[in-house]
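Presented below is the structure to which this report refers.
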Amino acid sequence: MGPHNVRQSARNRCEKQADAPVARAFAIGNAVLAGIFVPIEKRQAGPGEPRPLHFGALVPPQRSVTRDLSRTRVRIVEALVKFNHLDLQTTDVQALAGFFVEHFDLERRSNDRSPAIAILGDEAGFTLVIQRTDVAAYPAGFHVGFILDRASDVRAHHARLVAAGVAVGSIDVNARGTRFYLTAPGSIVVETSSPDRGK
């Protein structure tokens, strides 16, 4: 059977099915939700499929929900999973919380008296939870990081910490930007950096 006959046969079958337009619309709607559309110019109609209604329309790819509506399953994501908080464990909750409040401008979201837990946050929506533990142990290389826009901001923050009597490492500039490290109460390593290398 030639290509013309195949297309004519497919067209005839569609015309005989009164609910074909509804089924096609339903299938295309599901394809939109599933995000599986491809431009028509990148795909030709397969054997047994009617030709697209007009050039430039969007049609489902070869493995389409139009092939078998009874097996169609569309997964709709109703809520985006978002990063919620970071939880640090330490033997002295308020010492670590006070350090971040004083030197990194985090704000308290809970009282400053609990020996068991402290909740901090910033204007960007980040939440830091600090909880008490008898023995805090972190793997080699573990650290938390704060980022600034410019290299000059990193240098200014380094100077601020030095003036406050905080022991800080030297400023390092490499292909990744500008950064320095320090050790906060509870042996938590903290990085302050910027992708900017300055001049």
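The values are calculated or read from the model by the stated rules, or taken from the named source; none is laboratory data. Everything numeric in this text was worked out from a predicted model, so none of it was measured. All Cβ positions, even for glycine, are placed from backbone atoms using ideal geometry, and neighbour counts span all protein chains on display.
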Candidates Ala136, Ala116, Ala184 - the one that is in contact with a Lys or Arg (Cβ under 6 Å, 6 or more places away or on another chain) and closer than 24 Å to Leu86 by Cα: Ala116
The condition from (1) in a strand (DSSP E or B); (2) modelled with pLDDT under 95; (3) among the hydroxyl-bearing types (Ser, Thr, Tyr) that Thr183 misses is numbered (2)
When the residues of region 68-98 are filtered to those that are modelled with pLDDT of 95 or more and over 29 Å from the mean Cα position of the chain (by Cα), which remaining residue is farthest from Tyr138 (Cα to Cα)? Gly98
If you go through region 134-153, how many residues are modelled with pLDDT of 95 or more and in contact with a Gly (Cβ under 8 Å, 6 or more places away or on another chain)? 3
What are the residues in region 134-193 that are among the hydroxyl-bearing types (Ser, Thr, Tyr) and closer than 21 Å to Ala95 by Cα, if any? Tyr138, Tyr181, Thr183, Ser187, Thr192
Counting only residues that are touching a residue at least 40 places away in the same chain (Cβ under 8 Å) and aliphatic (A, V, I, L, M), give me the strands (runs of 3 or more DSSP E) lying completely in region 101-156 with at least 3 of them. 127-132
Among Phe126, Phe146, Phe180, Phe104, which is farther than 14 Å from Val190 by Cα and surrounded by 14 or more Cβ atoms within 10 Å (Cβ to Cβ)? Phe126
